[in-house]
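Nothing in this text is a laboratory measurement; each read-out follows from the coordinates by a stated rule. For clarity, every value in this text was computed on a predicted model and none was experimentally measured. All Cβ positions, even for glycine, are placed from backbone atoms using ideal geometry, and neighbour counts span all protein chains on display.
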Amino acid sequence: MMLKLLKYVVGIDMASSDFEACMVKMDISCEIHKIAGKSFSNTLSGFKLFFAWVQKNHLQKEINLSFVVEATGVYHEQFAWFLFQKKQNLSVVLPSKTKFYLKSKGQRSKTDKLDARGLAAFGAEQKLEYWEPFSKELYRLRALTRHLEALQGTKTQISNQLHALKHGMFQVKEVIKSLNQTLKYLEKQIAKMKEEIEQTVLNDEKLAKKAVLLSSIKGVGLLSVAIIIAETNAFTLFKSRKQLTGYAGYDIIENQSGKKVGKSRISKQGNVHIRRAMHFPSLNVVRHNVGGFKSLQERIYERTGLKMKGYVAVQRKLLCLFYTLWKNNEEFDPNINQKKAAQSEDGAALDTQKSEMENCVL
């Protein structure tokens, strides 16, 4: 007798060159059974072979079929777009979600096959939202901001090389000339990319209005806002501040067991582009004494003796404020009452500016 099924789910563990797929089925008693697993290349031809394999194993077409993949950099994006064009139900989940799910299931080993099966089981047990692609403008914005970041990194590298050469025992004029020419070229490219980024934001009416909300905070520039918008897909993946800070690598790792109390730290296991973009805005809001950010930085510094840890706390809180302003569609109010109050970080409902500024603690 065939068990009545509730759903079919395919979990995909994606890598740069290939991916592991695992199909499971959930019956009416919520038991999960593996159907099949297979590896495919992360190419268009691999996607086509994968889809044919799925159709072969999806025996009961009337039963819902869905796909689950982790948001792994950019390696999943062509695959996600392929399934979207096929009008399939795909969920793109944050790695932190599946990591804690697999731990809760007692999975200690880590292989591509186990991860693919874990993703499939996660999709079967959870009610996940279906993915929709970035708008063309957001893809363009992310490409531009990441290219700008690469150009600035190269400029710093060349500047350091030039500085070292000028202070060396012997100076080679040809090399110095070449480095100076390279720097001038990079400076022109950086200026051009900044202009392109600004125009990309301002040419999109909805994007421009939202960007103005975030840049209404004194010390926060349009460029930093553009990076945050591009890297978070305009905050569409996130339902709470906790999810956002985890994605950015600002989630707090505690180190405490019994009487032993170690140092707490941020995980840094998240989007490095966001953390880099938050560096200068955090310095600016403290320097301009915006809201409660200066007192937050000073409080953390006094407690830990580490000035940078205070600024990291500001980065985290400022990012949460960005999220609040964006979701609530409002400008920053510098006159918000800054008295402390205890409030949940889950953000089950949309947070207010007041709660953000009242909870400037790490």
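Taking the average, over residues, of other Cβ atoms within 10 Å as the packing measure, peptides 149-158, 271-280, 115-124 rank 115-124, 271-280, 149-158 from highest down. Stretched out straight at 0.36 nm per residue, the stretch from Thr43 to Leu114 would grow longer than its current Cα-Cα span by 23.4 nm. In a Gaussian network model over the chain where Cα atoms closer than 10 Å are linked, find which of Leu183, Leu128, Leu296 has the largest mean-square fluctuation. The residue that fluctuates most here is Leu183. Rounded to the nearest whole angstrom, the semi-axes of the ellipsoid equivalent to the range 5-125, taken from the Cα gyration tensor as √(5λ), stand at 20, 19, 12, largest first.
Any idea what angle helix 307-328 forms with the longest principal axis of the chain, computed on alpha-carbon atoms, 0 to 90 degrees, nearest 10? Approximately 60 degrees, to the nearest 10. Reducing the range 150-220 and the range 47-83 to their Cα centroids gives an inter-centroid distance of 40 Å.
Charges were assigned to the Cβ only: +1 to each Lys and Arg, -1 to each Asp and Glu. The resulting dipole of the chain about its Cα centre is roughly 900 debye. Estimated from helical segments only, the mean residue ellipticity of the chain at 222 nm is -17000 deg cm²/dmol, where each DSSP H run of four or more residues counts as -39500 (n - 2.57).
3J(HN,Hα) couplings calculated from phi for the range 197-212 with the Karplus curve 6.51 cos²θ - 1.76 cosθ + 1.60 (θ = phi - 60°) are, in sequence order, 5, 4, 5, 4, 5, 6, 6, 9, 4, 5, 5, 5, 4, 5, 5, 4 Hz; Gly and Pro show x. Here's how it looks for Ala36: its modeled amide H is under 5 Å from those of Met23, which are all 5 or more places away or on a different chain.
Rounded to the nearest 10 degrees, the inclination of helix 95-104 to the longest alpha-carbon principal axis of the chain is 50 degrees.
Give me Val312, Val68 ranked fewest to most by other Cβ atoms within 10 Å of their Cβ, as a rough exposure proxy. List each step's numbers first, then the result.
Values: Val312 21, Val68 27.
Exposure proxy ranking, most exposed first: Val312, Val68.
Tell me the net charge near Glu302. Cut-off is 15 Å between Cβ atoms, Glu302 excluded, with +1 for each Lys or Arg and -1 for each Asp or Glu. Net charge around Glu302: +4.
Among (i) 36, 21, 19; (ii) 40, 28, 21; (iii) 66, 49, 14, only one was calculated for this model; which label is it, if the read-out is semi-axes √(5λ) of the Cα gyration tensor in Å? It is the value labelled (ii).
Looking at Tyr301, Val9, Ala277, which one has the Cα that reaches farthest to the positive end of the dipole of the chain (charges on Cβ: Lys, Arg +1; Asp, Glu -1)? Ranked along the dipole, the leading option is Tyr301.
Structure note, pairs Lys103/Lys127; Lys34/Lys242; Lys97/Lys242; Lys136/Lys218; Lys38/Lys86: Cα-Cα distances above 23 angstrom occur for Lys34/Lys242; Lys136/Lys218. Label positions at Lys192 and Gln55, each projected 7 Å from the Cα along the C-beta direction, are separated by 4.5 nm. Karplus couplings for the range 167-174 from phi (6.51 cos²θ - 1.76 cosθ + 1.60, θ = phi - 60°), rounded to Hz, Gly and Pro as x? Karplus values, whole Hz, x for Gly and Pro: 9, x, 5, 10, 10, 9, 4, 4.
Seen against the Cα atoms of the chain and their longest principal axis, helix 293-304 is set at about 80 degrees. Simple point charges give the picture: +1 on the Cβ of Lys and Arg, -1 on the Cβ of Asp and Glu, and for the range 136-203 a dipole about the Cα centre of about 140 debye.
Less than 5 angstrom separates the built amide H of Ser66 from those of Tyr8, Val9, Val10, all sequence-distant by 5 or more or on a different chain.
Within the listed set Ser135, Ser215, Ser282, the Gaussian network model of the chain (springs between alpha-carbon atoms below 10 Å) gives the highest mean-square fluctuation for Ser135.
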